[in-house]
Amino acid sequence: MLHISLKFSSILLAMSLTLGANNLVYAQISETSNMSVISNKYDLNFDASKFEKESKQLNGITIGYRAYRNIVYVQNPKSVSSQSLNIYIPEDYFSGKKINGYTAKSAPIFMPNGVGGYMPGTPLEPEEKDERSGKANAQLVALSRGYVVVSPAIRGRTTVGDDGKTYVGKAPAFIVDYKAAVRYLRHNADSLPAGDTEKIISNGTSAGGALSALLGTTGNAEEYNSYLKEIGAADERDDIFASSDYCPITNLEHADMAYEWIFNGVYNYRPAIWQLQDLKARGVNNEMTRSLNINPGEKPDADAANNPVEANVMINMLDEEIAVSKLLSMHFPAYVNSLNLHDKQGNSLTLDKDGNGTFKDYIKSVYQKSAQEAYDSGIDLNGTDWIILRGNKVADVDMKKYPVSATRMKAAPAFDKLDLSSAENDEFGTKDNQPKHFSKIVAEYTKSKILADKEKINLINPMYFLKGKRAETKTSPVSIAPHFRIRHGAIDRDTSIAIPAILALSLQEKGVDVDFFSPWGRGHSGDYDLDRLFDWIDNISR
């Protein structure tokens with residue numbers, strides 16, 4: 001970013017600039033005295049001449065591609081580094097070849113985000129060896145399958161603007177940026193060397209999974225227009241073709257109720273190390289930071305939040321946390337019943353006041369399917385006390401034993417903390433970094449008036465667009481992606497399986513093609529089944 005400091009009175013100075021790959025073309029200094037540069041304009045036209053030829057190895061095969069990096073995708077970024085994207089295009093398309101049956105113009109665009117813990121997402125690079133899996137990452141595998149890969153940087157709750165003062169990544173910034181990146185691609189549909197902008201597939205994990213789901217459910221929604229205009233997004237559509245969502249931390253104002261519906265009765269927890277790091281970095285002193293006698297190390301990043309490592313300690317919940325756990329669990333049935341959910345056969349899914357009913361049976365069936373697939377593949381389930389086997393069939397699931405076996409990761413409330421200490425409280429914070437509540441139940445319990453604006457709560461919740469008042473009253477429709485793939489690990493303790501299940505059921509009722517599954521033995525993580533992911537994309541893209 002260009003910085004100029006001048007002493008002028010009543011001067012308006014405009015300069016035309018070309019500053020390499022980050023496409024800055026216009027800077028404006030507005031009138032005042034003792035002024036520094038305020039307004040930078042970035043060109044939204046893609047420059048196909050600025051690239052690097054690169055290659056990586058995958059299973060002994062060289063995957064060549066062209067990398068176009070650090071492209072600012074809005075005209076008026078709040079943070080240049082957080083509103084830039086990278087584009088990777090398979091080299092074979094430049095010589096007219098086909099890859100996996102795709103041509104340059106028919107190739108799907110795989111658009112992963114690197115968001116986790118509602119922290120900023122950085123552009124993801126193709127890698128031969130992922131740090132956690134030890135295998136090629138999603139970006140490289142996607143290129144090998146003939147996809148164009150577009151990975152945007154995205155503002156998060158800790159993003160400070162280029163003025164060095166204001167927090168510019170609080171809700172709803174992350175979805176505004178993801179939409180702006182889609183609009184940039186559509187704006188350049190005719191000048192991109194490869195990639196079908198009508199076949200954009202988003203992908204993300206945890207908060208990034210929530211973001212991917214949100215992008216898929218809010219296509220062209222008018223509520224975001226003022227935010228998009230403010231940052232100078234292209235005047236294009238932002239609907240997408242498909243959404244891949246791993247363990248989405250979403251529907252936040254109801255997520256605490258769903259968590260306690262599963263884990264109420266288990267009153268100790270084993271937290272994730274990244275959560276401690278996040279609290280330490282923000283100067284929070286609470287029961288968790290006092291109980292953990294470990295060195296938090298460096299500040300957490302999105303990848304740590306997407307692949308949490310648990311601390312080697314069990315913490316007992318406080319009396320107040322136990323009380324609020326019971327309160328939240330008690331409210332969940334009314335929320336489920338208000339949604340008027342149905343399964344594929346049209347059966348109504350509800351809960352009684354004790355939390356039992358057909359919705360619970362549906363959740364059991366999801367776990368049952370997961371366990372059966374595991375058993376059929378040769379995995380021994382005899383030591384899993386919450387799975388009931390009869391012969392070679394998984395006959396039932398014991399939902400009382402499940403949370404004891406899985407263990408709790410978070411004290412109640414899991415997301416909207418009583419002391420405003422969670423990542424989600426931070427996500428709804430102010431420009432000067434003051435966190436806020438977002439659950440009415442928690443705010444009322446604490447007698448707090450520090451509640452986030454309802455608009456901002458709605459704008460990062462896909463359920464507002466699927467089942468909320470917006471869906472009932474707005475005349476302007478949203479364009480929902482026709483295909484969704486949602487994964488939630490069978491031992492994921494970071495959020496309740498009820499949350500992605502409600503999302504999947506609500507989409508299904510809208511006529512959306514939904515592939516929802518709970519992989520056996522998986523905790524909170526993503527991109528662990530890349531062959532299956534890309535087979536799914538191939539199937540829907542052809």
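The values are calculated or read from the model by the stated rules, or taken from the named source; none is laboratory data. Owing to the predicted nature of the structure, the values given are computational and were not obtained by experimental measurement. For neighbour counting, all protein chains shown are included, and Cβ atoms are generated from backbone atoms with ideal geometry for every residue, glycine included. These accessible areas exclude ligands, DNA and RNA; they are computed on the full protein's heavy atoms, side chains included. Shrake-Rupley method; radii C 1.70, N 1.55, O 1.52, S 1.80 Å.
Summary table below
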| quantity | calculated |
| --- | --- |
| Some residue of region 94-106 being touching a residue at least 40 places away in the same chain (Cβ under 8 Å), in a helix (DSSP H, G or I) and either among the β-branched types (V, I, T) or on the phi < 0 side of the Ramachandran plot (or both) | yes |
| Positions within region 448-462 being touching a residue at least 60 places away in the same chain (Cβ under 8 Å), open to solvent by 10 Å² or more (accessible area, probe 1.4 Å) and among the polar types (S, T, N, Q), in sequence order | N458 |
| Residues located in region 185-206, provided they are touching a strand residue (DSSP E or B) at 6+ places or on another chain (Cβ under 7 Å) and not charged (D, E, K, R) | L185, P193, A194, G195, T197, I200, I201, S202, N203, G204, T205, S206 |
| Tally, over region 406-447, of residues that are more than 17 Å from A171 (Cβ to Cβ) and free of Cβ contacts under 8 Å to residues at least 24 places away in the same chain | 2 |
| Residues within region 117-132 that are out of contact with any strand residue (DSSP E or B) (no Cβ under 6 Å at 6 or more places or on another chain), farther than 16 Å from S525 by Cβ and not hydroxyl-bearing (S, T, Y), tallied | 5 |
| Enumerated helices (runs of 4 or more DSSP H) restricted to region 248-304, each holding at least 3 residues that are at pLDDT 70 or above and open to solvent by 20 Å² or more (accessible area, probe 1.4 Å) | 252-263, 273-281 |
| Qualifying position, being in contact (Cβ under 8 Å) with a residue 60 or more places away in the chain, farther than 17 Å from A142 by Cβ and open to solvent by 10 Å² or more (accessible area, probe 1.4 Å), among K170, K199 | K170 |
| Where a residue in region 362-373 is under 11 Å from D343 (Cβ atoms) and its partner, wherever it lies, is surrounded by fewer than 18 Cβ atoms within 10 Å (Cβ to Cβ) and among the charged types (D, E, K, R), with Cβ under 7 Å and at least six apart | Y362/D343 |
| Failed item, numbered, when L192 is tested on (1) under 26 Å from E91 (Cα atoms); (2) in a loop (DSSP other than H, G, I, E, B); (3) open to solvent by 10 Å² or more (accessible area, probe 1.4 Å); (4) touching a residue at least 40 places away in the same chain (Cβ under 8 Å) | (3) |
| Index of the failed condition, K436 passing every other in (1) open to solvent by 30 Å² or more (accessible area, probe 1.4 Å); (2) at pLDDT below 95; (3) under 19 Å from L328 (Cα atoms) | (2) |
| Some residue of region 378-396 being surrounded by fewer than 17 Cβ atoms within 10 Å (Cβ to Cβ) and of a type in the set (S, T, Y) | no |
| Residues located in region 153-205, provided they are under 23 Å from K41 (Cα atoms) and acidic (D, E) | D162, D163, D177, D190 |
| Cβ-Cβ under 7 Å pairs, at least 6 apart or on other chains, region 522-542 side more than 17 Å from I240 (Cβ to Cβ) and free of Cβ contacts under 8 Å to residues at least 60 places away in the same chain, far side open to solvent by 20 Å² or more (accessible area, probe 1.4 Å) and part of a loop (DSSP other than H, G, I, E, B) | R522/I491; R522/Y528 |
| K105 among the charged types (D, E, K, R), open to solvent by 10 Å² or more (accessible area, probe 1.4 Å), farther than 15 Å from N307 by Cβ and touching a Gly at 6+ places or on another chain (Cβ under 9 Å) | yes |
| Long-range neighbours under 9 Å by Cβ, at least six apart or interchain, first residue at positive phi and assigned to a loop (DSSP other than H, G, I, E, B) within region 225-237, second surrounded by fewer than 19 Cβ atoms within 10 Å (Cβ to Cβ) and at pLDDT 95 or above | G232/N76 |
| Selected residue [open to solvent by 30 Å² or more (accessible area, probe 1.4 Å), closer than 24 Å to L228 by Cβ and either modelled with pLDDT under 95 or aliphatic (A, V, I, L, M) (or both)] from S30, S36, S81 | S30 |
| Close pairs (9 angstrom Cβ cut-off, 6 or more residues apart or separate chains): assigned to a loop (DSSP other than H, G, I, E, B) in region 38-53, modelled with pLDDT under 95 and small (G, A, S) anywhere | I38/A27; I38/S30; D47/A21; K50/G20; K50/A21 |
| Conditions (1) at pLDDT below 95; (2) closer than 15 Å to T122 by Cβ; (3) basic (K, R): number failed by K165 | (2) |
| Residue, surrounded by the most Cβ atoms within 10 Å (Cβ to Cβ), within region 498-542, restricted to residues that are assigned to a loop (DSSP other than H, G, I, E, B) and of a type in the set (F, W, Y) | W520 |
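Each row is one residue, and each column tells you yes or no for (1) within 23 Å of R145 (Cβ to Cβ); (2) modelled with pLDDT of 95 or more; (3) open to solvent by 40 Å² or more (accessible area, probe 1.4 Å); (4) of a type outside the set (K, R).
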{"residue": "T18", "(1), (2), (3), (4)": "no, no, yes, yes"}
{"residue": "N22", "(1), (2), (3), (4)": "no, no, yes, yes"}
{"residue": "V25", "(1), (2), (3), (4)": "no, no, yes, yes"}
{"residue": "N40", "(1), (2), (3), (4)": "no, no, no, yes"}
{"residue": "N45", "(1), (2), (3), (4)": "no, yes, yes, yes"}
{"residue": "S49", "(1), (2), (3), (4)": "no, yes, yes, yes"}
{"residue": "E52", "(1), (2), (3), (4)": "yes, yes, yes, yes"}
{"residue": "G60", "(1), (2), (3), (4)": "yes, yes, yes, yes"}
